[in-house]
Amino acid sequence: MPSQSKSNNTNSRKLKILMLHGYTQSGPLFQAKTQRVKKLLEKSLASSPIKTESPIPGVELFYPTGPFRVTSADMKGVEVREEANGWWKLRERGEMQEGVEEGLARVAGVLREHGPMDGVMGFSQGAALAAMVTSLLETGRSESFAKVTDGMPFPQTFAELQHPPLKFGVCFSGLLNKHAKYAAFYEPKIQTPVLHVLGSMDTIVEESESLALADRCEDGGASMVIRHAGTHTVPTSERDIAAVIQFIRNVYPGGNTTAKKEEEEDVLDMDMPF
């Protein structure tokens, strides 16, 4: 599951990121689709480590696979790849989604075994899940669940989990689980910094859906939303990924340093939306 980069500094540590695939994907497939993200993130951290108590010159990405096998019947007869999975069984948007608890339990197991994680990235259904996981790990979120009448109970797998709040989240083509049952995930608003990355030609998740999720994040204004020129996909251009890298750096005190090396400039010396 984990994908690691090398570091020779014994006093350093790796940036640990949970990577959550989209519907009809899998951990290995999402790993293949995000190799460009990993490569540029490794390059950035190697030439200018994030400065914390333990410098961060490398990255370790974790790619679990959702617990639900997606079949052609689930897709109304459309043929799907052999390893097509989801984090819950897809229902119409705005309806209760079947199996959310199981998807969250799968993630909790990864956090228990490989955590603590620094952040999470997710795509589409995985981005919806990423926002929910980010919310659950925040201090005081269980009390918010207790206040909601007829809402989803706070997941027992997270109640038993010893894990600090995440430092950041990145949602590619994210969306809300809008049913009232899930209200406590988003009210009060998610406090952890979350970057929302939208495809300007995405016809699967409409921009309004991603912006609705951004609105449920405390820093969900224009400065935390970026758009790429592609469709329903994780962007691969250097400029788009550089914006994601800069966002991650910004959440760490001292992380937003000006690198003078040419290889760092290739990744970070661009106009950023924040």
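No value in this document is a laboratory result; all are computed from the given coordinates. Predicted model, so just to flag it, every value in this text is computed and none were measured. Using ideal geometry, Cβ is built from the backbone for each residue, glycine included, and neighbour counts are taken over all protein chains shown.
In the chain, what is the volume of the convex hull around the alpha carbon atoms, normalised per residue and reported in Å³?
Measuring per residue, one finds 122 Å³ for the Cα hull of the chain.
May I ask you to order 29-40, 118-129 by the average number of other C-beta atoms within 10 Å around their residues, highest value first?
On the way: 29-40: 17.7, 118-129: 27.2.
Result, highest mean first: 118-129, 29-40.
Per residue of the chain, what 222 nm ellipticity follows from adding -39500 (n - 2.57) for every DSSP H run with n ≥ 4, rounded to the nearest 500? Write out the running numbers ahead of the final one.
Numbers: 9 runs with 87 residues, N = 274.
Rounded to the nearest 500, the figure is -9000 deg cm²/dmol.
So how do 167-180, 228-241 stack up, highest first, on mean other-Cβ count within 10 Å? Before the final figure, lay out the partial values.
On the way: 167-180: 23.1, 228-241: 17.2.
Highest mean packing first, the order is 167-180, 228-241.
Using a 10 Å cut-off on Cβ atoms, rank the peptides 200-208, 132-140, 245-253 from the highest mean neighbour count down.
Numbers: 200-208: 13.7, 132-140: 21.1, 245-253: 18.9.
For the peptides 200-208, 132-140, 245-253, the packing ranking is 132-140, 245-253, 200-208.
Distance cut-off 25 Å, Cα to Cα: go down the list 167/189; 33/89; 16/51; 38/89; 16/181; 43/167 and report the pairs above it.
With Cα atoms farther than 25 Å apart: 38/89; 16/181.
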